[in-house]
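Engineer: The structure under discussion is supplied below as structure tokens; questions concerning it will follow.
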Amino acid sequence: MKWCHCQQPNHFQISRKLQDKYADLIMFLFSSHVFKLVTTKDYRRHLLKQRGWIIALIMFMSLFEIAISQNQTPEQESTQVLQLHYQDRHVVMDNGIFQLTLSNPEGFVTGIQYNGIENVLAYDGKEDDRGYWDLVWNFPGKKTKKTKGTLDRIEATKMEVKTQNDELIELSFSRTWNTSSTTAVPVNIDKRFVMLRNSSGFYTYAIFERLQGWPAVELDNIRFAIKLNKDKFHYMAISDDRQRYMPLPDDRIPPRGQPLAYPEAVRLLDPIEPEFKGEVDDKYEYSMESKDIKVHGWISTNDSVGFWQITPSNEFRSAGPLKQFLGSHVGPTNLAIFHSTHYVGADLIMTFKQGEAWKKVFGPVFIYLNSFPKGVDPLLLWHEAKNQTKIEEEKWPYNFIASDDFPASDQRGSVSGRLLVRDRFIRNEDIPANGSYVGLAAPGDVGSWQREYKGYQFWSKADENGYFSINNVRSGRYNLYAFAPGFIGDYHNDTVFDISPGSKTNLGDLVYEPPRDGSTIWEIGVPDRTAAEFYIPDPNPTFVNKLYSNRSDKYRQYGLWERYSELYPDEDMVYNADVDDHSKKWFFMQVTRKLANGGYSGTTWQIRFQFDDKMKNLTGNFKLRIALATSNVAELQVRVNDPSANPPLFTTEQIGKDNTIARHGIHGLYWLYNVNVPDSSLRLGNNTIYLTQPLAKSPFQGLMYDYIRLECPDSISYLTRS
């Protein structure tokens with residue numbers, strides 16, 4: 001095909017009028033300090049005090065240079081108009097800043113021309129493998145153990161212009177299900193692409209719809225994927241402290257790469273760039289929680305060009321703010337995942353019954369490109385992309401979307417209030433739920449939001465006084481849910497709130513009373529729904545990702561499940577609740593032990609503690625609270641002072657299939673169990689609680705604990721502290 005060229009804005013023209021070659025050199029030397037200067041008041045004061053006004057002036061020149069380069073073009077840009085070019089099998093959207101080429105009528109992104117780069121996308125492979133929407137689906141009962149379902153690249157059959165004027169173009173690429181089909185997914189899909197005037201990027205979203213009477217179906221995964229030019233984009237950034245130069249996809253292919261325990265994990269034996277030799281690459285090492293997926297992408301340092309996916313709202317993602325998704329990884333690949341079963345498992349397979357109708361809008365997300373002139377550190381493109389993210393969040397919900405299925409702000413409502421926590425064994429007064437997450441999701445049960453996927457969810461973080469405001473809520477029926485750091489369990493208000501356009505609901509003070517029978521005898525961990533506070537070992541030096549060396553999130557390193565057997569080759573972990581430090585002694589996951597014959601065995605952990613004379617008069621049931629941060633094809637059995645008791649005092653039976661252990665997570669689904677411990681099973685002096693995980697066919701079976709607490713019987717009076 002022929003590329004549709006049009007004059008590109010020259011970002012360098014203005015900058016060269018402002019600075020000569022000496023100023024360029026100064027800018028290069030000081031550009032790494034620019035973001036710090038902008039964001040840190042104390043740093044600005046320090047500069048002025050230590051280096052005087054000359055340094056400040058130089059920094060101002062750097063800032064001025066960047067300000068001009070961001071989303072600015074020469075004066076002739078004001079005459080640029082949006083254009084829509086039709087080619088043989090393609091359509092090109094062009095606003096004078098960049099060109100977006102889409103296959104017609106399939107709706108695949110085949111080309112993005114920007115800042116002198118003819119195509120930022122991968123140029124090898126097929127056109128339908130550069131930028132695309134896809135899904136994984138299955139008819140119930142048809143999936144085999146060797147497959148995850150049918151991968152559908154969502155090839156549209158009709159292209160339609162929904163909006164075309166001086167300000168924007170919106171194109172639709174749709175596919176309607178044929179009711180006589182027995183091999184296609186029974187869902188109508190409409191993919192949309194939007195380009196605005198003077199915007200350095202494009203928006204994309206999709207409308208999925210099922211009509212009444214259609215056959216049952218299961219959806220596993222829905223996403224929008226972009227594959228970039230591997231010769232240009234080598235630096236990946238997904239957060240302030242998770243960014244680095246990345247290996248090439250060629251490095252993963254034998255003999256350069258050695259596959260490890262599963263295909264996603266590869267040890268780099270002979271990478272093209274020697275600096276990566278010996279490292280492990282695994283896309284799951286770069287997963288993120290939904291609440292944190294706001295901007296991520298890649299930088300071409302030679303071209304000073306950034307490619308970013310910006311997600312101003314997570315209302316359309318499944319399973320709430322803590323659900324973990326993939327984002328950017330080696331390829332270079334950039335993903336917008338709207339629904340997946342990762343870190344949850346089968347509970348999150350999107351299941352529709354025979355005849356069930358449904359409609360949902362996924363997105364929009366913003367694909368944003370930015371650039372800097374020579375002399376400015378290209379890695380600062382990350383900070384400029386974060387600034388653009390704030391702009392997109394302020395614009396949400398967008399008012400330029402053509403579909404009536406995406407409501408503007410005046411068609412949405414809001415809910416506000418204050419969440420307090422009542423635990424009289426901690427404080428006599430109600431406690432503001434500082435930092436709690438409060439959200440609206442489909443009506444359900446306690447904690448059901450973490451398995452909910454058909455509707456929309458809206459979450460807000462409470463301030464230090466417990467106040468929250470959930471804005472821009474779509475019309476619909478919701479329950480209110482919440483969870484508070486430092487307290488076990490979930491808040492659930494089973495009132496059905498009917499949100500309508502323009503409605504403003506103030507709920508006043510809401511009180512969450514977390515599970516509690518009596519005062520704390522001992523506790524292990526911190527109730528935060530993760531296992532991050534426990535002992536996490538250093539990785540085997542053979543299997544290291546240098547990004548996570550000597551960091552608090554080193555749980556993302558490969559192979560830590562094998563470290564348990566190395567630390568406890570013969571006997572399992574024994575923890576003394578009276579004296580041990582959970583951050584130094586409690587291994588962060590209870591996994592199987594690898595045997596010499598290549599098999600695996602279950603493990604039994606011990607919690608030892610003493611009862612003194614003060615406890616002898618206590619009668620009734622003690623309460624053992626066990627909060628799990630994840631479970632993968634595992635069972636937890638609880639015994640007290642008798643390791644061979646059969647049946648055990650308590651068992652969860654087999655639970656979970658979230659594969660968090662293999663995917664380097666620190667939590668998956670949250671589970672809370674409240675176990676009655678009869679006073680007759682305890683004794684003065686030494687006591688032991690045995691925690692057994694008996695299932696052992698894989699190294700990835702096991703549990704992560706969030707928090708464990710033993711309470712006195714409820715007959716004991718409150719023990720309060722201020």
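The values are calculated or read from the model by the stated rules, or taken from the named source; none is laboratory data. Just so you know, these numbers come straight off a predicted model, no measurement behind them. For neighbour counting, all protein chains shown are included, and Cβ atoms are generated from backbone atoms with ideal geometry for every residue, glycine included.
Engineer: Can you name every residue in the stretch 410-431 that is out of contact with any strand residue (DSSP E or B) (no Cβ under 6 Å at 6 or more places or on another chain) and over 26 Å from Ile189 (Cβ atoms)?
Structural biologist: Asp410, Asp423, Arg424, Phe425, Ile426, Arg427, Asn428, Glu429
Engineer: Just for the stretch 173-228: of the residues that are outside any strand (DSSP E or B) and aromatic (Phe, Trp, Tyr), which one is surrounded by the fewest Cβ atoms within 10 Å (Cβ to Cβ)?
Structural biologist: Taking the candidates together, the pick is Trp177.
Engineer: To continue, here is another question. Please tell me if Tyr343 is within 30 Å of Phe458 (Cα to Cα), hydroxyl-bearing (Ser, Thr, Tyr) and either not assigned by TED's automatic domain parsing to the domain that holds Arg223 or not in a loop (DSSP other than H, G, I, E, B) (or both).
Structural biologist: When the stated conditions are applied, Tyr343 does not pass them.
Engineer: A follow-up question, please. Output the residues belonging to the stretch 409-424 that are within 23 Å of Asn399 (Cα to Cα) and either crowded, with 16+ Cβ neighbours inside 10 Å or among the small types (Gly, Ala, Ser) (or both).
Structural biologist: If the condition is that a residue be within 23 Å of Asn399 (Cα to Cα) and either crowded, with 16+ Cβ neighbours inside 10 Å or among the small types (Gly, Ala, Ser) (or both), then Ser409, Arg412, Gly413, Ser414, Val415 are the ones that fit.
Engineer: Filter the stretch 584-620 down to the residues that are over 21 Å from Gln693 (Cα atoms) and among the basic types (Lys, Arg), then identify the one that is nearest to the chain's Cα centre (by Cα).
Structural biologist: Of everything passing the filter in the stretch 584-620, Lys584 is nearest to the chain's Cα centre (by Cα).
Engineer: If you don't mind, there's one more thing I want to ask. Among the residues of the stretch 284-294, count how many are surrounded by fewer than 18 Cβ atoms within 10 Å (Cβ to Cβ) and of a type in the set (Lys, Arg).
Structural biologist: Summing the residues that are surrounded by fewer than 18 Cβ atoms within 10 Å (Cβ to Cβ) and of a type in the set (Lys, Arg) in the stretch 284-294 gives 1.
Engineer: Taking the criterion of being within 10 Å of the chain's Cα centre (by Cα), surrounded by fewer than 22 Cβ atoms within 10 Å (Cβ to Cβ) and assigned by TED's automatic domain parsing to the domain that holds Ile391, would at least one residue in the stretch 301-322 satisfy it?
Structural biologist: Scanning the stretch 301-322 turns up at least one residue that is within 10 Å of the chain's Cα centre (by Cα), surrounded by fewer than 22 Cβ atoms within 10 Å (Cβ to Cβ) and assigned by TED's automatic domain parsing to the domain that holds Ile391.
Engineer: Now a separate question. How many residues does the stretch 650-688 hold that are part of a strand (DSSP E or B) and surrounded by fewer than 24 Cβ atoms within 10 Å (Cβ to Cβ)?
Structural biologist: 16
Engineer: Another question, then. List the pairs whose first member sits in the stretch 370-394 and is over 30 Å from Ala408 (Cβ atoms) and surrounded by 19 or more Cβ atoms within 10 Å (Cβ to Cβ), whose second member is among the aliphatic types (A, V, I, L, M) and at pLDDT 95 or above, and whose Cβ atoms are under 6 Å apart, counting only residues at least 6 apart or on separate chains?
Structural biologist: Ser371/Val305; Pro378/Ile299; Leu381/Ile299; Trp382/Ala237
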